[in-house]
1. Based on Cβ point charges of +1 for Lys and Arg and -1 for Asp and Glu, what charge dipole magnitude is obtained for the stretch 1-139 about its Cα centre, in debye rounded to the nearest 20?
2. Would you mind listing how long the chain runs along its three principal axes, going by Cα atoms, in whole Å with the largest first?
3. Determine, for Lys14, Lys123, Lys9, Lys171, the number of other Cβ atoms within 10 Å of each Cβ, and report the residues in order from fewest to most.
4. Could you tell me which residue out of Thr168, Ser184, Tyr91 lies farthest along the dipole of the chain toward its positive end? Charges go on the beta carbon: Lys and Arg +1, Asp and Glu -1, centred on the Cα centre.
5. Summing Lys, Arg as +1 and Asp, Glu as -1, what charge do residues with Cβ under 13 Å from the Cβ of Leu283 carry, Leu283 excluded?
6. What ranking, highest mean first, results for peptides 23-32, 227-236 when packing means the other Cβ atoms within 10 Å averaged over each residue?
7. Would you mind ranking Leu192, Leu149, Leu7 by Cβ crowding within 10 Å, fewest neighbours first?
8. Among the DSSP beta bridges whose two residues both lie in the chain, what percent are antiparallel, rounded to the nearest 5?
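We did not get these values from a lab; they are worked out from the coordinates using the rules stated. Since this is a predicted model, take the numbers as computed values, not measurements. Here the Cβ positions follow ideal geometry from the backbone for every residue, glycine too, while neighbour counts run over all protein chains shown.
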Amino acid sequence: MIELEGLTKRYGEKVAVDNLTFTVRPGIVTGFLGPNGAGKSTTMRMILGLDHPTAGDVRIDGTHYDRLQDPLTYIGALLEAKGVHPGRSAYNHLLWLAQSNGIPERRVREVLDRVGLTAVARKKAKGFSLGMGQRLGIAAALLGDPRILMFDEPVNGLDPEGIHWIRTLMKSLAEQGRTVFVSSHLMSEMALTADHLVVIGQGRLLADTSMAEFIERNSRSYVRVRSPQREALLDALHRAGVTAVDGADGTLEVDGTPAEKIGELAARDGVVLHELSPQQASLEEAFMQLTAESVEYHAHTGAPLPPQQQWGESWRKG
Ligand SMILES: Nc1ncnc2c1ncn2[C@@H]1O[C@H](COP(=O)(O)OP(=O)(O)OP(=O)(O)O)[C@@H](O)[C@H]1O
């Protein structure tokens, strides 16, 4: 378990992390989401004792990181893939980490096997691809068999096979009862991986909610209907008490009525349909709305941003 209480970090005038209070629980994957510059990496660095909070507190299973004996056996982290000496082999890098944390050498072979690097274990890390570097970073995180794992943007720059591998790994670690905390700026990625979401913007907590609740609140589902007899279709729907609104490109959008029912109503009046398709609003859109006002640097598209919805307060569960 990771517990944050009023965690704050200031760099001069800049408040990078602003009074964050939340708990990361075991047995599930918790996604840590926020736009670029939201404060995710700074928060993770404070959890690991690499940065000192200006105010507030963070505990790992009840203890501060600096007071943990052999910390790799409590918490393993992937912060960035570049923490390896380029002239050192994967095996020697892990061996050096193991020896300084009281971890037996056999664990080095086990984790190399777990991440699929056994065949290149004696090669120098400077020849590693981005994906191999990420795997080595994950091997280091797993080395002490810790109950808590933390990954900062682990899928950045990876190919689909690598992304799938990391996603499966995180889920299996959570299924073993471990605490898994993973940051990302992509909602679509988190939707496939996380059971719980913590969303921040400009250092502040915007949401602390289960993924299921996030999806339920934000998946506007509707049916898109396209017909060359638009007016006749509107009449047929209207008589059955079904409301339709204008969609893009002359389509109609119907909320709250299944596609089958709409098809039957159209057929009853002999109305031809060219499209009848159930749709789901994307979670990426919902995430962008939630964080819209807290994005540091907007691209100037000329289009106004969607209105901020008042979700933050009601979603906080403390
Ligand atoms: N050492 C530092 N000195 C000054 N400002 C900093 C420092 N580290 C981070 N910041 C600022 O604090 C804010 C939060 O940065 P942080 O890297 O934690 O965000 P992030 O959510 O991890 O973003 P990204 O997804 O881009 O990595 C940013 O505005 C950043 O510029």
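1. 760
2. 78, 47, 37
3. Numbers: Lys14 11, Lys123 14, Lys9 22, Lys171 17.
Ascending Cβ contact count within 10 Å gives the list Lys14, Lys123, Lys171, Lys9.
4. Among Thr168, Ser184, Tyr91, the one farthest towards the positive end of the dipole of the chain is Tyr91.
5. Net charge in that neighbourhood comes out at -3.
6. Result, highest mean Cβ count within 10 Å first: 23-32, 227-236.
7. Leu192, Leu149, Leu7
8. Here the share of antiparallel DSSP bridges comes out near 65 percent.
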